[in-house]
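All remarks here apply to the structure that follows.
The values are calculated or read from the model by the stated rules, or taken from the named source; none is laboratory data. Just so you know, these numbers come straight off a predicted model, no measurement behind them. Glycine also receives a Cβ, built like all others from the backbone with ideal geometry; neighbour counts cover every protein chain displayed. Just the protein is used for accessible areas: all its heavy atoms, side chains included, with ligands, DNA and RNA removed. Shrake-Rupley method; radii C 1.70, N 1.55, O 1.52, S 1.80 Å.
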Amino acid sequence: MGRLFTSIYDVAMTPFEKAGFQKVRKNLLSPVKGNVLEIGFGTGANFPFYRDAAYVEAIEPNAEMIEQAAAKIKKASVPIQTYQAKAEQLPFPDQSFDAITGTLVFCTIPDPIKALEEIKRVSKPDATFHFFEHVKVDQQTAAKAQELLTPAWKAVCDGCHLDRPTIQLFEEAGFKVEKVKRYGGGMFVVFEGKI
Ligand SMILES: C[S@@+](CC[C@H](N)C(=O)[O-])C[C@H]1O[C@@H](n2cnc3c(N)ncnc32)[C@H](O)[C@@H]1O
């Protein structure tokens, strides 16, 4: 992630967090149980919201983001261990986790198909997944606008794709999507299910 983007990330996100993201994060993550893997934790925005997890192992490729997360780890209610790693190459043995979580991350992962393969590999049988993402919308004109904007958006926002059909990618990878809640005209979505 670009240095400037990293340094302003929390400040830039504050209005969105206050407008509802924090509530979404809390509702999504506080019930998640067992040994949890979080993908692309950024500055640790989700760390305050874990309540029932036995522990959270969390990966993030960007060293500067990892540094910023340190204060939130100290205040968390559950043990959190972080790793500098990419979702496409997870540093964990097969069948390690009961639940996989992530927020606003699949838009940015360069190879989401490989990341889903890796998530499957490290998940125990019957593991669950819990994600909050922004995605390509169904409405055709808006979807076209997302496609047109994505090249410029990617350059400014560290590789973020506005037009990624993330739920479809999960389903194509064999994940069983059981619960979907859409926000913001379908641009933001909470989705959960079994791996
Ligand atoms: C928009 S930020 C979201 C951060 C955090 N999850 C949140 O909700 O605030 C996207 C994150 O994805 C991370 N990322 C980029 N490529 C990745 C990859 N290959 N594997 C895992 N995370 C990645 C970025 O470093 C960044 O922290």
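Residues in the stretch 124-155 that are over 22 Å from F170 (Cβ atoms) and of a type in the set (V, I, T): T141 only.
When you look at E88, is it within 26 Å of Y9 (Cα to Cα) and touching a helix residue (DSSP H, G or I) at 6+ places or on another chain (Cβ under 6 Å), yes or no? So E88 fits the description; yes. Close contacts from the stretch 120-145, counting a first residue that is at pLDDT 95 or above and a second that is open to solvent by less than 10 Å² (accessible area, probe 1.4 Å) and assigned to a helix (DSSP H, G or I), with Cβ to Cβ under 6 Å and a gap of 6+ residues or different chains, come to H130/L28; F132/L28; E133/T166.
If a residue counts only when it is within 12 Å of the ligand (Cβ to nearest atom) and open to solvent by less than 30 Å² (accessible area, probe 1.4 Å), which helices (runs of 4 or more DSSP H) contained entirely in the stretch 1-79 have at least 3 such residues? Write out each step before concluding.
Working: elements: 3-16, 22-29, 63-75.
Correct list: 22-29.
With A127, A87, A155 as the choices, which residue is open to solvent by less than 70 Å² (accessible area, probe 1.4 Å) and within 25 Å of F16 (Cβ to Cβ)? Talk me through it step by step, then tell me what you get.
Numbers: A127 fails: within 25 Å of F16 (Cβ to Cβ); A155 fails: open to solvent by less than 70 Å² (accessible area, probe 1.4 Å).
None of the other options fit; the residue is A87.
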